[in-house]
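A quick write-up on the structure given underneath.
Please treat every number below as a calculation from the coordinates, not as lab data. Since this is a predicted model, take the numbers as computed values, not measurements. Positions of Cβ are backbone-derived with ideal geometry, glycine not excepted, and every protein chain shown enters the neighbour counts.
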Amino acid sequence: MGEKKLSQYQETLQSIKEIAEELGYEEAEYITLLSPEREVTVSLPVTMDDGSVRVFQGYRIQDNSARGPYKGGVRYHPEVEIEEVRDLALLMSLKCSVADIPYGGAKGGITIDPRELSETELERLTRKYAEKIYPIIGAEIDIPAPDMNTNAKIMGWFKDEYSKIAGVQVPGIVTGKPVEVGGSLGRNEATGLGVSTITHAFAQNQKLVPEETRVVVQGTGNVGLITAQCLAKEGYKIIALSNVAGAVYNANGFDVSVLDLANGDQKNYDLLTAQEGSEEIPMNELLSVECDILIPAALQNQIRADNADQIKAKIVIEAANAPVSAEGEAILIKRGIKVLPDILCNAGGVVCSYFEWVQNLQHFSWTLEEVNTRLIAKMKSAFAAVLAMQAEKNCTYRQAAMLIAVDRIVKATKFKGKY
Ligand code: GLU
């Protein structure tokens, strides 16, 4: 009988054990990292526009709080299930630790395809979710944020519902809000700006010249689109892009400045295919386009054991959460392809969330320039730490980031004292 395949969460736990042992820790010192501190499943009854009632399933998983309050996004997706949320919550603990911001990790989700709901239904669902997880969250306890298919508007509803129940305005309960109700300038663009900062820093480290560097981006959502635009501004050639509408290639490089998040996928896709030299390619060929840098910025588990040998990039930058599976990464590494991990590359979102939260707690807003300057500085220092660790241990970049993250969490756990 073949061995049962490990879930992504179990794979992450396995690598934490290996990393903690490499750091010389006893099991008792890192054991708290091997299970979430709290898991909550809620049922969310929502009155639909036609008067019928549907009950949705929601989760909030608080993984670890050794370094500070729980922090992490909420995703709305038909495939959300508890084991995936567990893995994403653990990744948040690691991400906040690599970025060195004073948070633990959490994640939430609702199993729903948001395109099936009208705006008013989506608002009622979000308010119900805020009400149901109210008892376990708080501005200094657990601070949700946007993730896949959630956005500033949804965070605004969430903040409003929480504040109503609390009877006071609590802007710091959630990050990624609209600027008008306490959001931070730059938050929407922060993950993409962070990804491009890391990509550019690594390209320089690898002696790549932007103008001669071909980049492929999977996804034109909040992360992929901004990443592509920031890199294009630095001179990189964006030669292929995809979103749910399709995949498109252009050997000369696209003009991505014409794209806009507000356009939606189809219009952005049409704007790309209309450019001179563009050719539509099958969706499943995007990842195997020959390039220097490949940036998966959409879903998890895109590069796996069954397609990793088809990747023709020199560098893979994980802009999505967990787009490369453990088996997929092993194949890439063997083939000499360098992989920069999600917990470093896409930390810009939560770093800016941290800045938003700090502004909320101080009731004082920063300028866009202040936000971006601090964001770039944080990303660069996390990158420098990972690079130094990689050189010291001669390990993968993911292992280097994990070594830093796990070490900081275990040290913080020790300062909490004995259980
Ligand atoms: N959802 C984003 C992430 O996975 C941001 C989380 C946050 O800002 O708390 O990193």
Looking at the chain, what % of its DSSP beta bridges pair antiparallel, to the nearest 5?
50 percent
Give me the distance between the Cα centres of the range 205-249 and the range 1-77, rounded to whole Å.
31 Å
For Leu299, project a label point 7 Å along Cα to C-beta. Then give me every residue of the range 59-89 with its amide nitrogen under 18 Å of that point.
75-88
Fewest to most neighbouring Cβ within 10 Å: what's the order for Val55, Val223?
Val55, Val223
Evaluated at 25 °C and 0.890 mPa s, the Stokes-Einstein D of the range 129-199 based on the Kirkwood radius over Cα pairs, in µm²/s, stands at 193 µm²/s
Along the principal axes of its C-alpha atoms, what lengths does the range 53-179 span, in descending order and rounded to whole Å?
41, 35, 26
For the chain, what's the relative contact order in percent, using C-alpha pairs closer than 8 Å and at least 6 residues apart?
15 percent
All Cα pairs of the chain, percent lying beyond 32 Å
34 percent
With only alpha-carbon pairs counted, each pair once and no self-pairs, how large is the Kirkwood hydrodynamic radius of the range 262-419 in angstroms?
18.4 Å
Inverse mean reciprocal Cα-Cα distance (Kirkwood Rh) of the range 356-419, Å
14.2 Å
A correct fewest-to-most ranking of Lys233, Lys17 by other Cβ atoms within 10 Å would be Lys233, Lys17
Euclidean distance of C-alpha centroids, the range 164-186 and the range 254-313, integer Å
34 Å
In Å and on Cα atoms, what radius of gyration and Dmax does the range 340-382 show?
11.0, 36
Across every pair of different alpha-carbon atoms, what Kirkwood hydrodynamic radius in Å does the range 190-303 reach?
13.7 Å
Order of Ile198, Ile173, Ile376 - criterion: other Cβ atoms within 10 Å of each residue's Cβ, fewest first
Ile376, Ile198, Ile173
Largest fluctuation, Val168, Val179, Val358 only, Gaussian network model of the chain with Cα springs under 10 angstrom, belongs to Val168
If you take every DSSP beta bridge fully contained in the range 183-271, what fraction is antiparallel? Give it as a percent rounded to 5.
45 percent
